[in-house]
Amino acid sequence: MLKGKKIVIGITGSIAAYKMPLLIRLLVKEEAEIQVIMTPSARDFVTPLTLATLSQRPVLIDGFDSDNGHWNSHVELGRWADVMLIAPASANSLAKMASGIADNFLLTVYLAAKCPVFIAPAMDLDMFHHKTTQSNIETLHSFGNKIIAPKEGELASGLCGAGRLEEPEEILLILKRFFEKKKS
Ligand SMILES: Cc1cc2nc3c(=O)[nH]c(=O)nc-3n(C[C@H](O)[C@H](O)[C@H](O)COP(=O)(O)O)c2cc1C
């Protein structure tokens, strides 16, 4: 079902980024083509080397290399993808996406994307329940983005509540169901 599907995966600065290598591995096993983009902050949570190795492609973080002028086209990538998945989506990136701020490469690709976009928020429960975060998620949903709601459970902070990134196996199923539905 996912064979040959082009998936841009955007990773932001959330502790839940540790789950993404597993999801990428599952997607690659299904023969999907993966392009990972990270926010600069996401590098603190999972290494580009791990993600590049598992996705079999260099990870993109910056829009251009100031040493040699090489630049990555956010427009081309936005058009290349069959689907874009932003997971985990931090409260900060959700706020920027909801208001059209594009001050890093991942956000420029999001704004330029022509394909369906799945967004999986992940954060501590109080950040998640904050009115601003809830309003940003509603706004993003109203734009046609598909929200993968975070789960309730134990959080990295030790607290318990909503904010856990959906499990990789479940995100895989969501993407499979999406392409199945598209086909029929
Ligand atoms: C240990 C640690 C864990 C964090 N986890 C989260 C998280 O799960 N969700 C979130 O929204 N922010 C989290 N943050 C805060 C973000 O990393 C911070 O807001 C950052 O600026 C996000 O940048 P980005 O959206 O550009 O990736 C965490 C910060 C630290 C230090």
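Worth a mention:
- Cα→Cβ-extended label distance, 7 Å offset, between Glu154 and Lys183, nm: 3.8 nm
- For the pair Thr132 and Lys146, the difference between a 0.36 nm per residue extended length and the Cα-Cα distance amounts to 3.2 nm.
- Cross-link check: pairs Lys3/Lys182; Lys29/Lys182; Lys19/Lys176; Lys19/Lys182; Lys19/Lys151; Lys5/Lys131 evaluated at a Cα-Cα cut-off of 25 Å; pairs beyond the cut-off: Lys19/Lys182; Lys5/Lys131.
- The label-point distance for Arg43 and Arg79, in a model that sets each label 7 Å from Cα toward Cβ, rounds to 2.9 nm.
- With a Förster radius of 25 Å applied to the beta-carbon distance between Ala95 and Ile174, the computed FRET efficiency rounds to 0.60.
- Taking a sphere under 15 Å around the Cβ of His130 and counting the other residues whose Cβ falls inside, with K and R at +1 and D and E at -1, yields a net charge of -2.
- You can think of it this way: the chain between Ala162 and Lys114 has 14.3 nm of extra reach, that is 0.36 nm per residue less the Cα-Cα gap.
- Cα gyration tensor, the chain - rounded (a/c under 1.5), prolate or oblate: rounded
- Among Asn145, Asn68, Asn136, the largest mean-square fluctuation in a Gaussian network model of the chain (Cα springs under 10 Å) belongs to Asn68.
- The convex hull built on the alpha-carbon positions of region 1-75 has an orientation-averaged projected area of 5.4 nm².
- Residue of Ile101, Ile148, Ile11 that the Gaussian network model of the chain assigns the largest fluctuation, springs spanning Cα pairs under 10 Å: Ile101
- Amide H contacts for Glu33 (H built 1.01 Å from N in the peptide plane; partners 5 or more residues away or on another chain; cut-off under 5 Å): Gly4, Lys5, Lys6, Ile7.
We did not get these values from a lab; they are worked out from the coordinates using the rules stated. A quick note: this is a predicted structure, and the numbers were derived from the prediction, not measured. When we count neighbours, we look across all protein chains shown, and the Cβ atoms used for this are built from the backbone with ideal geometry, even at glycine.
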